[in-house]
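Readers should treat all values here as calculations from the given coordinates under stated rules, not as data from a laboratory. A quick note: this is a predicted structure, and the numbers were derived from the prediction, not measured. Methodologically, a virtual Cβ is constructed for each residue, glycine included, from the backbone with ideal geometry; neighbour enumeration extends over all protein chains shown.
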Amino acid sequence: MGLVINRSEFLQGDLQARSRPIRPPWSLPEMQFRSQCDNCGHCLQKCPTHIIEFGRGKLPTINFDEGECLFCGDCVEECNSGSLSKTLFQQKAAPWTHKVQVTEKCLNHQDVLCRSCGDRCPERAIVFRPRTGGRISLEIKLESCSGCGACVEPCPVQAVVMATPSSDITPTKKTKLENCA
Ligand code: SF4
Ligand code: SF4
């Protein structure tokens, strides 16, 4: 089934649901999640990296500014409403669909060398390659990215964001950066 958007997203013209918050891993699809979550907050209390917070409607939302997901499943185990799926977790299904994106705010676009995001990536999904002329290229290997968010907090200019796949994200996205490396 394709993406199902809600009324608010439709009225805002957000047909790709880009404004939709990131839910905890192994969440049910958004509409089911919203109707089943009972706002108990057990997942918030249990998360060892404190990345779950209450968002709009007192619904659990991920904030990668606080840290990364360890995929420990503690939030899922604590969820009694079924809005976080124990079945998906036990089946080792993909925890979510979002992946990393590096925006134009990246310092490397301004001739400032920075590798902070890549240094923190446990999957080596962000790769910097030297190029001729003292430049570097930043390559994102989307197929390796787990969406853990470890690369978000280290970025000094908030250039790293998480995005759900859409037409403008390809399996391996290469961004050539002009830089005085
Ligand atoms: S899987 Fe673990 S680290 Fe990730 S959000 Fe749930 S409790 Fe937090
Ligand atoms: S989200 Fe995690 S796996 Fe993906 S690039 Fe960032 S640190 Fe690496």
For the stretch 143-160, 3J(HN,Hα) per residue [Karplus equation, 6.51 cos²θ - 1.76 cosθ + 1.60, θ = phi - 60°, Hz, x = Gly/Pro]
5, 8, 5, 8, x, 5, x, 4, 7, 6, 4, x, 5, x, 10, 6, 8, 9
Treating only the Cβ of Lys, Arg, Asp and Glu as charged (+1, +1, -1, -1), what charge dipole size does the stretch 84-133 show about its Cα centre? Round to the nearest 20 debye.
200
Hey, which of these cross-link pairs are over 25 Å Cα-Cα: LYS46/LYS141; LYS58/LYS86; LYS46/LYS92; LYS92/LYS141?
LYS46/LYS141
What full-extension length gain, to one decimal in nm, is calculated for LYS86 and GLU139 as 0.36 nm per residue of separation minus the Cα-Cα distance?
15.7 nm
